[in-house]
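**Student:** Please find one structure pasted underneath; my questions will follow.
Every number in this text was worked out from the coordinates using simple rules, so none of it is lab data. Just so it is clear, the structure is predicted and the values come from calculations on it, not from any experiment. We place every Cβ from the backbone using ideal geometry, glycine too, and count neighbours over all the protein chains shown.
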Amino acid sequence: MSTSEHAPAPSNKGTKECIPMAGKANTQKAAARSAGTNPTNDPKSRDLERNRVSPQGEALRTNQGVKIADNQNTLRAGPRGPSLLEDFIMREKITHFDHERIPERIVHARGSAAHGIFKVYESMREYTKAAFLQDPAVETPVYVRFSTVQGPRGSADTVRDVRGFAVKFYTQEGNYDLVGNNMPVFFIQDAIKFPDFVHAVKPEAPNEMPTGGSAHDTFWDFVSLVPESAHMVLWTMSDRAIPRSLRTMEGFGIHTFRFVNAKGQARFVKFHWRPVLGSYSLLWDEAQKLAGKDPDFHRRDLWDAIERGDYPEFELGVQIVEEADEHKFDFDLLDPTKLIPEERVPVKIIGKMTLNRNPDNFFAETEQVAFHPGHVVPGIDFSNDPLLQGRLFSYTDTQISRLGGPNFHEIPINRPVCPYVNNQRDAMHRQAIHVGQASYEPNSLNDGWPKETDPAAEDGGFESYQERVDGTKIRVRSESFADHFSQAALFYNSMSQPEKDHIAAAYQFELGKVTKPEIRARVVNEILANFDADLAATVAEGLGLPAPKKGTAKLVGPKSSPALSLMNRVKPGIKTCKIALLAAPGSDGAAIRQLQQALGGEGAVPMLIAPTLAEIDGLAPDATIAGLPSIMFDGVIVVGGAKGAKTLAQSGDARHFVLEAFKHLKAIAALGAGRDVLTAAQLPDHADGVATGDDQQSADVLKAFIAAAEQHRVWSRAAQAESVPA
Ligand code: HDE
């Protein structure tokens, strides 16, 4: 085999034992086996570490462990002859490659994830017996997957869509999955409608368009005919559907669940995730441009933050409702299209999750992780929400086809960290080698093991909450689910003016893409007019429709809930904000160094951006203007220095950079000659959130810049920004 054109890799002369799966990992497994321990219940062998396969120092081998001498050439009959079927090395490699893909998730296909830990702030003993919520000293490992819903695996991150927010807690009592979204309500009330909804929102059947968005006929056709979707569609037309980052998104369990304490007392509970940095959104123009310029914008942001050590943190909050108060609301707690206003039941913050490690392998972890709202632990139970009840069936079912059989719980990322021994046997891809004769219960051959655990015992077995259920077998929607518009009105009324403007623009954009006029008219007249006449009129005008008729729905309940506005979710500081330092050769290097230090000291991420990658006073730019346009940043500072400023002022790209930042309401500063760049870009002389000054005034300018940047958007500039071309 010396005809290879490639230089042969250094051969492995080691005398390692032949081990089929992977070096170290398998040696440990072998050791566990010879020590007589069962790989499924020996704590050490359950460590995910043992599944990490490193190529370091390893010879290239076949899946059967045979060392490979030539990985460049197929076995053939003579140098120019046909390939031989006998070549088991080539056949194994190609066969495996042919099967590398698995079906993507039917919804939430595009996702990114991270490892982390969760700790409760104080014992929740009063409310729940869940072991991971008892002791502030206990760290529970978590794996969190964020996702979009509509698009396929390769779609863009910043599309207008709901985001999935799924958390797997690896607790000592088994896995608990909180499989939520970044919005607190859902489109439909009954699981049986989910396939209809998903078929409507997914790309259309004849042409598989559009990718990653809901701006098309079938989605709007469906939601215009299903008024229970009104509230959630409004959320998806709001800024919540275009988050600035996954790290600053709120999360919600949506359904009402139950907490059950050791005395068997139950209370209703709704779950919330609150990002410690606050919650922010993109502007629609940014979101659209980012989808082209960096389709991985969210994924990259999450990954980079964790690599930098800026670990995303989310606090877990709960709204707890006594069972006795179940019927004290003007909506049904079981209806997933409703939220409990925080002003009515405050969100109690009970713990914090910190995402501190990126996955090693996207496929093995993020693609193969299997969430399920039915993965609960003692102390957490379900309500009769008909959407939740359907989900309890769906998630195991979907994994069976997605992950190729019922043993997906044995894939490393899905394995509990506690033992999971039972009498289930065999099936596709079984990993455990069960020993012993008895795989049934009761048995005497194995002294009765594995045995049930008394729920009353410490660390007891799972026991369902004993809710009394007594009803007629019937297919009917409860009358208490009939109000579809009051909470849509509540949400809309709670928005600030810019948020309301964005909502109207989003309806106009989406409906503008709908080809059937009758669908557009139905949304305006049958949906929007029923919860807000002004919104209906604005949308109608934008679509060239006649003024809508007056809505007939009766609106009840609170008029507004300030907690729903993202404007009230802003947190002080500019930690992890990305700030562009716009410069060119000849810019003031000392000023750049000073700014880098000062911004870094605030926890921000300053990046030197220049027309080319040529050094500026000994500093290497982080990227070019073309490589990282202003849409990737939270603010921009144009550095002083006459020569550099002149280059920037003459550069159309540099002028566009500041103009676009201005248009997108970002904090801007210019020092010394850097001000000429703003003038060349024809920015107004005075505008909110634009700080300028002489080189000597840099401390004051920076202070003003930070004050603007920590607002995240300079909303008061919106009218001025409108008139600026971009
Ligand atoms: Fe899901 N959903 N869903 N869903 N869902 C899936 O499970 C389903 C619903 C959510 O990162 C699927 O493993 C039904 C609400 C997230 O892997 C599937 C119904 C909420 C994820 C499925 C709903 C969600 C999924 C597809 C109506 C918010 C991604 C692949 C009864 C509370 C999890 C998979 C991840 C994924 C079914 C409604 C959240 C098909 C039938 C409501 C975050 O099983």
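**Student:** Is segment 578-723 best put as rounded, prolate or oblate by its Cα gyration tensor, with a ≥ b ≥ c the root eigenvalues, rounded for a/c under 1.5, and otherwise prolate when a/b is larger than b/c, oblate when not?
**Tutor:** It is rounded, given that a/c, with a ≥ b ≥ c, falls under 1.5.
**Student:** Would you mind giving the three semi-axes, in whole Å and largest first, of the ellipsoid equivalent to segment 484-568 according to its Cα gyration tensor?
**Tutor:** Working through the eigenvalues yields semi-axes of 22, 16, 9 Å.
**Student:** Still on this structure: How big is the charge dipole of segment 402-557 about its Cα centre, in debye rounded to the nearest 20, if each Lys and Arg gets +1 on its Cβ and each Asp and Glu gets -1 on its Cβ?
**Tutor:** Once rounded to the nearest 20, the dipole reads 900 debye.
**Student:** Shifting gears a bit: Which is farthest toward the positive dipole end of the chain among Phe259, Val167, Ala205, measuring Cα position about the Cα centre, with Cβ charges +1 (Lys, Arg) and -1 (Asp, Glu)?
**Tutor:** Ala205
**Student:** If you don't mind, another one. Determine the relative contact order of the chain: mean sequence separation of Cα pairs under 8 Å and six or more apart, normalised by residue count, in whole percent.
**Tutor:** Result for the chain is 11 percent.
**Student:** Projected onto the charge dipole of segment 111-414 (+1 at Lys/Arg Cβ, -1 at Asp/Glu Cβ, origin at the Cα centre), which of Asn182, Ser401, Ile411 gives the Cα projection farthest towards the positive end?
**Tutor:** Ranked along the dipole, the leading option is Ile411.
**Student:** Also: Using DSSP to call loops (not H, G, I, E or B), can you name the trypsin sites (Lys or Arg not before Pro) in segment 92-165 whose Cβ has at most 15 other Cβ atoms within 10 angstrom?
**Tutor:** For trypsin sites (Lys or Arg not before Pro) across segment 92-165 that sit outside H, G, I, E and B with at most 15 neighbouring Cβ atoms in 10 Å, the list reads Arg101, Arg125, Arg153.
**Student:** Enumerate the amide H contacts of Lys348 below 5 Å, restricted to partners 5 or more residues apart or on another chain; note that Pro and chain-start residues carry no placed amide H.
**Tutor:** Val318, Gln319, Ile320
**Student:** Using the Kirkwood radius built from alpha carbon pairs, what does the Stokes-Einstein equation give as D for segment 62-128 at 20 °C and 1.002 mPa s, in µm² per second?
**Tutor:** So the translational diffusion coefficient is about 122 µm²/s.
**Student:** Same structure again: What FRET efficiency do you get for Glu467 and Leu445 if R0 is 22 Å and r is their Cβ-Cβ distance, rounded to the nearest 0.05?
**Tutor:** With R0 = 22 Å, the Cβ-Cβ based efficiency is 0.05.
**Student:** Quickly estimate the mean residue ellipticity at 222 nm for the chain, helices only: each DSSP H run with n ≥ 4 gives -39500 (n - 2.57), and the total goes over all residues, rounded to 500.
**Tutor:** -7500 deg cm²/dmol
**Student:** Which ³J(HN,Hα) values in Hz, rounded to whole numbers, follow from the phi angles of segment 270-285 under the Karplus curve 6.51 cos²θ - 1.76 cosθ + 1.60, where θ = phi - 60° and Gly and Pro get x?
**Tutor:** For segment 270-285, the Karplus curve yields 10, 9, 10, 10, 10, x, 5, 7, x, 10, 9, 10, 7, 8, 4, 4 Hz.
**Student:** Quick one: work out the % antiparallel among DSSP beta bridges in segment 544-652, nearest 5.
**Tutor:** Antiparallel bridges make up about 10 percent of those DSSP assigns within segment 544-652.
**Student:** Using a/c under 1.5 as the rounded threshold, could you call segment 643-706 rounded, prolate or oblate? The axes a ≥ b ≥ c are square roots of the C-alpha gyration tensor eigenvalues, and prolate needs a/b larger than b/c, oblate otherwise.
**Tutor:** Judged from the Cα gyration tensor, segment 643-706 comes out oblate (a/c at least 1.5, b/c at or above a/b).
**Student:** Please list, ordered by chain and number, the residues whose modelled amide H lies under 5 Å from the amide H of Arg357; skip anything fewer than 5 residues away on the same chain.
**Tutor:** So Arg357 has HN proximity to His115.
**Student:** Counting Lys and Arg as +1 and Asp and Glu as -1, each charge on the Cβ, what is the dipole of the chain about the Cα centre in debye, to the nearest 20?
**Tutor:** Roughly 940 debye for the chain.
**Student:** While we're here: State whether the chain is rounded, prolate or oblate according to the following rule on the C-alpha gyration tensor (a ≥ b ≥ c being the square roots of its eigenvalues): a/c under 1.5 gives rounded; otherwise a/b larger than b/c gives prolate, and the remaining case gives oblate.
**Tutor:** oblate
**Student:** Turning to a different aspect of this structure: Using the Karplus curve 6.51 cos²θ - 1.76 cosθ + 1.60 with θ = phi - 60°, work out ³J(HN,Hα) for each residue of segment 201-216 in order, rounded to whole Hz, and write x for Gly and Pro.
**Tutor:** So the Karplus estimates, Gly and Pro as x, are 7, 5, x, 6, 4, x, 10, 6, 10, x, 8, x, x, 10, 7, 7 Hz.
**Student:** Can you run phi through the Karplus equation (6.51, -1.76, 1.60; θ = phi - 60°) for segment 529-538 and list ³J(HN,Hα) in whole Hz, with x for Gly and Pro?
**Tutor:** Rounded to whole hertz, the list is 4, 7, 10, 7, 5, 5, 4, 4, 5, 5.
**Student:** For Cα pairs less than 8 Å apart in space and 6+ apart in sequence, what is the mean separation divided by the residue count of segment 244-293, i.e. the relative contact order in percent?
**Tutor:** 41
**Student:** Give, as a single signed number, the net charge of other residues whose beta carbon lies under 11 Å from the beta carbon of Ala230, with Lys and Arg counted +1 and Asp and Glu -1.
**Tutor:** Around Ala230, the charge tally is -4.
**Student:** Taking amide H positions as placed in the peptide plane 1.01 Å from N, state which residues far from Ala262 in sequence (5 or more) or on other chains have amide H under 5 Å from it.
**Tutor:** Lys129
**Student:** With both bridge residues required to lie in segment 578-723, what share of the DSSP beta bridges run antiparallel, to the nearest 5%?
**Tutor:** In segment 578-723, DSSP labels about 5 percent of beta bridges as antiparallel.
**Student:** Report the number of Lys pairs in segment 484-568 whose alpha-carbons are under 27 Å apart, with separation of 8 or more residues or on distinct chains.
**Tutor:** Eligible lysine pairs with Cα atoms under 27 Å apart amount to 12.
**Student:** Here's another thing I want to ask about it. Kindly put Tyr465, Tyr492 in sequence by how many other C-beta atoms sit within 10 Å of each C-beta, fewest to most.
**Tutor:** Ordered by Cβ neighbours within 10 Å, fewest first: Tyr465, Tyr492.
**Student:** Moving on to the next point. Out of segment 400-431, which trypsin sites (Lys or Arg not before Pro) are coil in DSSP terms and have no more than 14 other C-beta atoms within 10 Å?
**Tutor:** Arg425, Arg430
**Student:** Within segment 578-723, what is the number of lysine pairs with alpha carbons under 24 Å apart, leaving out pairs fewer than eight places apart on the same chain?
**Tutor:** So the count works out to 7.
**Student:** While we're on this one: For segment 208-338, what relative contact order do you get, as a whole percent, if you take Cα pairs closer than 8 Å and at least 6 residues apart?
**Tutor:** Normalised by residue count, the contact order of segment 208-338 is 28 percent.
**Student:** May I pose another question? Can you pull out the trypsin sites (Lys or Arg not before Pro) in segment 292-358 whose DSSP state is coil and whose Cβ has at most 16 other Cβ atoms within 10 Å?
**Tutor:** Hits after loop and neighbour filter: Lys328, Arg344.
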